[in-house]
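Colleague: Got a structure for you, written out below as structure tokens; questions coming shortly.
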Amino acid sequence: MKGGRSIGMLCQLLEVSRSGYYRWERREPTLREREDAVLGERIEAAHRRSRRNYGAPRLVEELRAEECRISKRRCARLMKARGLRGRKKPRRRPRTTDSNHLHTPAKNLLAQRPAPSGPDQVWVTDITYVATAEGWLYLAAILDLWSRRIVGWACASTQHTSLVQAALERALRQRHPARGLLHHSDRGVQYACGEYRAALSAAGLACSMSRKANCYDNATMESFWSTLKTETGLDETIPISRRAAELTIFDYIETFYNPSRRHSSLGYLSPVAFENQPTSKAA
């Protein structure tokens, strides 16, 4: 019986013969079906490794790195059959920075330069915030524009200048850049104030700032914030404390984003893998 109905009744309703039904039930899976079963397991394992973030394009690259040949269309079909989906970024309205302060902003030097050809030539930076049950947690991060690697970051309960200074100090300790590196930010008071500008000058970094009320001048950082919040779930769930949110951010940046997350703009390599290429070191 199937759901309280006899096989004979179901066959009659579906207009198929009982012999045909039993023949179908006893049939051996085809070669294609057996291959799909194996590929489905590998796709599911890769999806788990990506923290259930990757869609078909990145999963295809993940499997190809394991010498598993698969098309994007087949991967998408098998993902759908197993109920697997990549995380989608919600639509967000661009946020502008309040630049209503007395500090003179720096010129937008980034717009005048060619794209970086190696690491530690251009850093971009910004501040965002995360809601927690204790209140807002503010996050400042610095990203290497060439490799998309987060080279420094810091969290605090306020967005004072000390927050962006902590991120800068961490980046300088980790990277030891040569003098002349271009540091690009928005016109926020934290970046425009004399204290922060003095820190940049002491480190030999050139200061560049976006045009007024134009978030697109720092689009790479805006994209990173969207990716981080989507793939950690911080745009949907509220951590119980600022410390819990900070641990989530640490885990994402240090153990997934920098070493493992594949970027389409980097040929589907992670920031660390992109920097570690022989050609990258030569650059």
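Colleague: For the chain, find the longest principal axis of its Cα atoms and tell me its angle to the long axis of helix 31-49, 0 to 90°, nearest 10.
Modeller: 30 degrees
Colleague: If you take the beta carbon distance between C193 and Q277 as r and set R0 to 45 Å, what does 1/(1 + (r/R0)^6) give as a FRET efficiency, to the nearest 0.05?
Modeller: 0.75
Colleague: At 0.36 nm per residue, minus the direct Cα-Cα distance, what do R27 and I7 gain on full extension? Give it in nm, one decimal, please. Intermediate values should be presented prior to the final figure.
Modeller: Numbers: separation 20, 0.36 × 20 = 7.20 nm, distance 1.73 nm.
Using 0.36 nm per residue and subtracting the Cα-Cα distance, I get 5.5 nm.
Colleague: Helix 72-81 against the longest principal axis of the chain: what's the angle in degrees, Cα atoms only, rounded to the nearest 10?
Modeller: 70 degrees
Colleague: Can I ask one more? Expressed as a rounded percentage, what relative contact order does the range 123-172 have, with Cα pairs under 8 Å and six or more residues apart?
Modeller: 31 percent
Colleague: Follow-up question, since we're still on this one. Calculate, in nm to one decimal, what W136 and R173 gain on full extension: separation in residues at 0.36 nm each, minus their alpha carbon distance.
Modeller: This chain segment gains 10.6 nm when fully extended.
Colleague: How many lysine pairs does the chain hold where the Cα atoms are under 22 Å apart and the two sit 8 or more places apart or on different chains?
Modeller: On the way: K72/K80; K72/K88; K72/K89; K80/K88; K80/K89; K88/K229; K89/K229; K107/K212.
Number of lysine pairs found: 8.
Colleague: Using only Cα atoms and rounding to the nearest 10 degrees, what angle (0 to 90) does helix 194-203 make with the longest principal axis of the chain?
Modeller: Between helix and principal axis, roughly 80 degrees.
Colleague: For H47, H176, H184, what's the fewest-to-most ordering of other Cβ within 10 Å of each Cβ? Don't skip to the end; give the middle numbers.
Modeller: Values: H47 21, H176 9, H184 28.
Starting with the residue having the fewest Cβ neighbours, the order is H176, H47, H184.
Colleague: Further question on the same structure: Determine by what factor the alpha-carbon radius of gyration of the chain differs from 2.2 N^0.38 Å, reporting the quotient.
Modeller: Here the Cα radius of gyration is 1.34 times the empirical estimate.
Colleague: What list of ³J(HN,Hα) couplings, whole Hz, do you get for the range 131-143 from phi and the Karplus terms 6.51, -1.76, 1.60, once you set θ to phi - 60° and write x for glycine and proline?
Modeller: Couplings: 7, 10, 5, 8, x, 6, 10, 9, 10, 10, 9, 10, 10 Hz.
Colleague: Placing unit charges on C-beta atoms (Lys and Arg positive, Asp and Glu negative, everything else neutral), compute the dipole magnitude of the chain about its Cα centre in debye, rounded to 20. Walk me through the numbers before you get to the answer.
Modeller: On the way: 48 positive and 29 negative charges, 232 e Å.
The dipole of the chain has a size of about 1120 debye.
Colleague: What is the antiparallel percent of DSSP beta bridges lying wholly in the chain, to the nearest 5?
Modeller: Details: 18 of 25 bridges.
Restricted to the chain, the bridges split so that about 70 percent are antiparallel.
Colleague: Turning to a different aspect of this structure: If we count every other residue with Cβ under 12 angstrom of R149's Cβ, Lys/Arg +1 and Asp/Glu -1, where does the sum land?
Modeller: Once all neighbours under 12 Å are counted, the net charge is -1.
Colleague: Explain nothing, just the number: relative contact order of the chain, from Cα pairs under 8 Å at least 6 residues apart, as a whole percent.
Modeller: Reported relative contact order: 17 percent.
Colleague: Tell me the Kirkwood hydrodynamic radius of the range 130-270 in angstroms, computed as one over the mean inverse distance between distinct C-alpha pairs.
Modeller: Answer for the range 130-270: a Kirkwood hydrodynamic radius of 15.9 Å.
Colleague: Using the scaling law 2.2 N^0.38 Å as the reference, what is the normalised Cα Rg of the range 1-72?
Modeller: 1.71
Throughout, read-outs are computed from the coordinates displayed, never taken from laboratory work. Being a predicted model, the structure only gives us computed values, none of them experimental. FYI the Cβ positions are ideal-geometry reconstructions off the backbone, even for glycines, and counts take in every protein chain you see.
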